[in-house]
Structure formats: C-alpha cells, structure tokens
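Chemist: First the structure, then my questions, so here it is.
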Amino acid sequence: MFSRVLVANRGEIAVRVIRALHELGVEAVAVYSTADRDALHVALADQAVCIGPPAAAESYLRIPNVVAAAGTTGCEAVHPGYGFLAENAEFVRACEANELAFIGPPAAVVEQMGDKVRAKEAMRTAGIPLVPGSHGASGLADARKAAVEAGFPVLLKASAGGGGKGMRLVPSVDEFEAAYAAASTEADAAFGNGSVYVEKALSPARHVEIQVLCDGAGNVLTLGERECSIQRRHQKLIEESPSTALDAETREAMESAVERACVAIGYENAGTFEFLVGPDGRFYFIEVNCRLQVEHPVTELVTGIDIVREQVSIASGEALQLTGRAPRRGHAIEIRINAEDPIRGFLPAPGIVSAFVPPLGAGVRVDTAVREGSEIPPYYDSMIAKVIVWDETRPLAIARATRALTELEIEGIPTTRNVALDVLGSPEFATGSYSTSTLDELVGRMPSLALQ
Ligand code: ADP
C-alpha cells in the first residue's frame, strides 16, 4: 500500500477520496486554487499545495503544476477523482513518467476509450451491441447514408466529445447536411477535433450503466447497474440501483458483456460502461468512463463495497478479493444537489451558503464539501452535494429519499432540491417507468416551479 497519495481534484470528490485514504492509513495531499484556500478538502488533507489561480485551466487542469505538487510532497500515487484530468491520457503519461502510480486505467486504455469511435470499434470487436449508426467517423456522404440506414431522428456526436457536449439531434434527412457542417465546426472548436459520427436517436431511451472493478491480473468484478435516466440537458440529476428497466436476464447479459469487454481491452481499476436501453428492451453500448463516477455511492450502498478504497488497492498492486458478480442487497437512490436556479432555466448560482443542515438518520449518506459559510465559487461544477439513501425496497428508498431531502436545509443560494422532491413525488418515478426525456416533461408541471 502507498504511504502518501496526491488528490488531484476539489469539492466533494476530493473530500470523498481523502476520507478513503485516511481509512486505509494513507496520507492525503490536496491541491487547490486560490479560490479554494478555505475549502474542506484542504482542511481535511495532511498537506495542501496551491497550484494556481481560480481558473481551472491555470490550476486543476495544469498538468505540470499537479505533477510537481506530487513530486515535491513525496507522493507515490495520484487519484484524479472525476472531471479535470481524470480522463486525460497525457496526464496519465506524465504521472507514469514521474514514477507516480495513476489511480485509474493505463494511458493506452484511457486514450482508446476517450476516442468514442475507437471505443465503439473495440466494443464491436468484443461482440457488444452498439447503437445503430456509422460506427466510425465519416465524411458527409457516408454519414448521410448511415443516418438513412439507421432511420431518423439521428444524433451527430463528436468523436472526442464528452459531458453532453458536441451532440446534435437531426430530425430528418433535409436538415442533415447543415447539421453535419455545424456539428463538425462545433466539435473542432470545442475539442480540437472536428470528426463526428452518427447514431440513431433512441426514444424513449433509458441510460443504464454497469460499474466494474478490474485488477492488474485481469480479474473482473461487476457491481451491477445504475439507472441514470433522470437527466436534464444530458446531465444526470437522480440515479438509482437496481434499475426498473432490467430483468434478471438482461442484467446478466449486460454484466457478462462488460466482463468480456474488460478482458478484451485490458481494462484496469474502476470503470463504467454506459448503455442505452431502447424501447425494444435491448441494450446498446454508448461509451466507457475510465474513472470514478459522481454516482458511484449508489453502487457502494447496494454492494457494500467501497469503490475508492478498491481503486487505491488495485493501483498499489493488490488483487481483487472477489470476482464475477458482486452480491447486492436492497435499493439505493442518489440525488444531486446543484447550485442552480431552476426558475431561471437552471442557471448556475454561485454564492455563499449561509446555512447548511444536512439530513441525518438511518440509511442516509451525504457527500459534500459544503459547510455553513462555504463559498460556492463560480469557476467550477455547480454540483455541490449528493444525498444518497439505502433501504430494503424501492418504495421504502423513495420514502427515505423524500424524508432526507425535506430535512436538508441550504440557505443563501438557490438549489435543485425542490425539483428533485417533485421528481421523487411524481407518478413516473413511483412506477419506475421513466426515460431520459421524463425530467423535461415534468419540468412543465412541477409544483416547485409553478409556485414561483
Ligand atoms: P457524453 O459523454 O457527452 O455525456 P453520452 O454519449 O454519454 O455523452 O450521452 C449522454 C446522454 O445523451 C445519454 O445519457 C442519453 O440521455 C443521451 N444519448 C446519447 N446517445 C443517445 C442516442 N443514441 N439516443 C438517444 N439518446 C442518447
């Protein structure tokens, strides 16, 4: 096991990782921008290094600064959290070149999965079902042909895309040429790579993903699924496990497909394979996230496995204790609390949190870096807290999530709390028959928005 690890992130995920390190008896070194001087992750770490001014491009995203912080403090490994440098192959290489263990997959895997076209190619080779489409970056004529074959509407996606960016819905063939040109220009501007590919737009679709842990010896543990269809602008708001969209047979088919894919691509450490489940009940691969995900606690609560602790153990060379399928029990739901103003189109709303009372009681976990008086800076992600609950059954978990959110008090900034309460109270959520478009449909008739 390592004796000291650098945590190359901020906010709730830096706090989450520092806690796991301390439980393993490992020292944690934090990095921070000048905007985060008083942040909780800095206070909890054993040491902290300032790596630059507030703008992420000049601090948390600056590879030489992060690597130097690890070197000067004598760290043996780096945990990247999610976002920032977590899926940056250049960063993984920089760690390796400086004899720092990267707590994640090898650079070659991060690079291959970061290129969505290459990732899909690898999945096709491994026999994983893909969303119908072009299965590769293609010129206008080939892309149009693939779109016609798949059937409209289609999505144009950037090969180098991510975070919901670089996606464009094309309703019919008449709009294809203009959309293709615009998508390619946009992708070039956003990612420095203009290549795009075509996917059939599945509707209604459900986003269901499989969590895995793989060790260096090629052993694979699948930890079941997370249902992440409650989304706004392709950003998840509520996640749960198990998913009401899967029967036992489909779940096992997905987990064994993922196990096969992990072996085929030489996956290592924690990862998530994202799928869409179509109206036909079949599953289709969309992408791999080579990192810890925001919603990982949902899986931790149903499996009892601490994913971050496992990540650190795997990176230090230990073998998985358990392989195959992780046993699960009960039902878990996560609600993301964003510093956003729902009545102003979910605009990010940074500011000072004047009061903060997290919910307590049985079966409730809160992951956050917020304290009373915390400042939510305008420079970073608006997701500021996660309320995660566990209970024996789905109805009990919904009741517990509702109770917990009702107890949660955040003053000084607007949040998405009441929107989440409305979702939890909706008939769609109660029955479990919802899709990636349900939240947008609900927003039009939400009590919390109508009262304003
Ligand atoms: P990103 O990496 O940018 O987050 P993803 O490929 O993971 O993009 O897709 C994000 C979300 O977009 C999905 O959860 C789903 O809601 C929607 N989506 C992506 N591909 C499709 C598709 N082919 N059909 C319908 N919805 C899709």
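The values are calculated or read from the model by the stated rules, or taken from the named source; none is laboratory data. The shown structure was predicted, so the numbers you read here are calculated from the model rather than taken from an experiment. All Cβ positions, even for glycine, are placed from backbone atoms using ideal geometry, and neighbour counts span all protein chains on display. Please note that ligands, DNA and RNA were not included when accessible areas were found on the heavy atoms of the full protein model with its side chains. Shrake-Rupley method; radii C 1.70, N 1.55, O 1.52, S 1.80 Å.
Chemist: When the residues of the range 262-293 are filtered to those that are of a type in the set (A, V, I, L, M), surrounded by fewer than 24 Cβ atoms within 10 Å (Cβ to Cβ) and away from the ligand (no atom under 11 Å from the Cβ), which remaining residue is farthest from VAL17 (Cα to Cα)?
Modeler: ALA264
Chemist: I'd like to check something: does the range 128-139 contain any residue that is of a type in the set (A, V, I, L, M), farther than 30 Å from CYS75 by Cα and within 12 Å of the ligand (Cβ to nearest atom)?
Modeler: Taking the range 128-139 first, the residues of a type in the set (A, V, I, L, M) are 128, 130-131, 137.
With the extra rule that they be farther than 30 Å from CYS75 by Cα, the set shrinks to 128, 130-131, 137.
Applying the additional criterion that residues be within 12 Å of the ligand (Cβ to nearest atom) yields 130-131.
Yes, the range 128-139 has at least one match.
Chemist: Related question: Taking into account only those residues within the range 352-382 that are in a strand (DSSP E or B) and under 19 Å from ARG226 (Cα atoms), which is least open to solvent (accessible area, probe 1.4 Å)? Break it down into steps so the answer makes sense when it comes.
Modeler: Keep residues of the range 352-382 that are in a strand (DSSP E or B), which gives 352, 355-357, 364-368, 375-376.
Remaining after also requiring under 19 Å from ARG226 (Cα atoms): 364-367.
Numbers: VAL364: 34, ARG365: 54, VAL366: 36, ASP367: 11 Å².
My answer is ASP367.
Chemist: In the range 202-224, how many are within 13 Å of the ligand (Cβ to nearest atom) and open to solvent by less than 20 Å² (accessible area, probe 1.4 Å)? Walk me through it before giving the result.
Modeler: As a first pass, look at the range 202-224 and keep what is within 13 Å of the ligand (Cβ to nearest atom): 202-209.
Still in the running and open to solvent by less than 20 Å² (accessible area, probe 1.4 Å): 205, 207-209.
Count: 4.
Chemist: Of the conditions (1) farther than 28 Å from LEU156 by Cα; (2) within 13 Å of the ligand (Cβ to nearest atom), ALA248 fails just one. Which one is it?
Modeler: (2)
Chemist: Quick one: which residue in GLY114, GLY139, GLY104, GLY151 is at pLDDT below 90 and small (Gly, Ala, Ser)?
Modeler: Working: GLY114 fails: at pLDDT below 90; GLY104 fails: at pLDDT below 90; GLY151 fails: at pLDDT below 90.
Going through GLY114, GLY139, GLY104, GLY151 in turn, the sole match is GLY139.
Chemist: Which one of GLN235, GLN231 is at pLDDT below 95, within 16 Å of the ligand (Cβ to nearest atom), surrounded by fewer than 24 Cβ atoms within 10 Å (Cβ to Cβ) and among the polar types (S, T, N, Q)?
Modeler: GLN235
Chemist: Something else: Quick check: anything in the range 328-338 β-branched (Val, Ile, Thr) and surrounded by fewer than 22 Cβ atoms within 10 Å (Cβ to Cβ)? Walk me through it before giving the result.
Modeler: Residues of the range 328-338 that are β-branched (Val, Ile, Thr), as a first pass: 333, 335, 337.
Retained after the next criterion (residues that are surrounded by fewer than 22 Cβ atoms within 10 Å (Cβ to Cβ)): none.
No, there is no match, as no residue in the range 328-338 is β-branched (Val, Ile, Thr) and surrounded by fewer than 22 Cβ atoms within 10 Å (Cβ to Cβ).
Chemist: Being within 14 Å of SER134 (Cβ to Cβ) and near the ligand (Cβ under 9 Å from one of its atoms) is the filter here, so list the residues in the range 151-176 that pass it.
Modeler: VAL154, LEU155, LYS157, ALA158
Chemist: Give the residue that is surrounded by the fewest Cβ atoms within 10 Å (Cβ to Cβ), with candidates limited to residues of the range 186-201 that are away from the ligand (no atom under 11 Å from the Cβ) and in contact (Cβ under 8 Å) with a residue 40 or more places away in the chain.
Modeler: SER195
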